[in-house]
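Okay, structure first, notes after.
No lab work stands behind these numbers, since they all come straight from the coordinates. Computed from a predicted structure; not experimentally measured. Quick reminder, even Gly has a Cβ in these numbers, built from the backbone with ideal geometry, and neighbours come from all protein chains shown.
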Amino acid sequence: MTNIPYRGISATVPDLLAGRLTMVFGNISAMQPLVREGKARALAVTSLRRWPSVPELPTMIELGFKDFDSSAWFGLMAPAGTPQPIIDRLHQETVRILARADVRERFDVLGMEPIGNTPAEFAAVIAIETPQWAKVIRDAGIKAGE
């Protein structure tokens with residue numbers, strides 16, 4: 001494979017649909033509608049486990065790519081120094097909203113799984129992934145703006 005750097009998945013989709021690219025690694029929420037419409041074919045998910053919205057898709061590990069894990073996540077953050085009572089209230093309201101059936105249904109349609117973990121748990125995820133992705137960036141020689 002040859003890496004062709006694009007600025008985001010939305011830039012790759014037209015070239016994929018036009019046949020100028022043979023494949024892309026895309027976020028499930030961006031690619032799932034194209035798959036449902038028959039415009040693209042999903043081959044696998046890049047997470048450690050099969051994804052609930054597309055349980056028929058194998059993981060890259062199942063296809064023989066040892067230790068392959070590239071999961072995208074989104075998080076709610078506040079500026080450093082935000083008072084703890086405000087952080088607590090934001091977390092409480094976020095968890096309440098994520099528990100709503102209509103919100104969970106919308107996330108499901110997008111192929112996303114809302115988690116709503118605590119600020120400390122989210123900080124631990126960031127602390128674990130930062131050095132992992134720093135190594136990938138360093139080993140690949142990726143520079144800012146590429």
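Placing pseudo-labels 7 Å out from each Cα toward the beta carbon at Arg49 and Thr2 gives an inter-label distance of 3.9 nm. A P(r) calculated from all alpha carbon pairs of the chain, with 10 Å bins opening at zero, reads 9, 30, 36, 21, 4, 0 percent. The lysines whose alpha-carbon is closer than 24 Å to the alpha-carbon of Lys143, local same-chain residues fewer than 8 away aside, are Lys135. With θ taken as phi - 60° and the Karplus curve 6.51 cos²θ - 1.76 cosθ + 1.60 applied, the whole-hertz 3J(HN,Hα) list for region 32-40 is 4, x, 5, 5, 4, 7, x, 8, 9 Hz, x standing for glycine and proline.
Between amide H atoms placed 1.01 Å from N, distances below 5 Å from Val45 occur with Thr59, Met60, all of them 5 or more places distant or on a separate chain.
A simple rule links phi to the HN-Hα coupling: the Karplus curve 6.51 cos²θ - 1.76 cosθ + 1.60 with θ = phi - 60°, which for region 82-92 gives 4, x, 4, x, 6, 4, 4, 5, 4, 5, 4 Hz, with x for Gly and Pro. Once the C-beta distance of Glu56 and Ser29 is scaled by a Förster radius of 30 Å, the resulting FRET efficiency is 0.95 to the nearest 0.05. For region 74-146, rounded, prolate or oblate, judged on the Cα gyration tensor with a ≥ b ≥ c (square roots of eigenvalues), a/c < 1.5 rounded, else prolate if a/b > b/c? The shape class here is oblate. Ordering Gly81, Val136, Phe107 by Cα displacement along the dipole of region 74-146 toward the positive end leaves Gly81 in first place; charges were set at the Cβ atoms of Lys, Arg (+1) and Asp, Glu (-1).
A Cβ-based charge dipole, computed about the Cα centre of the chain with Lys and Arg at +1 and Asp and Glu at -1, lands at about 260 debye.
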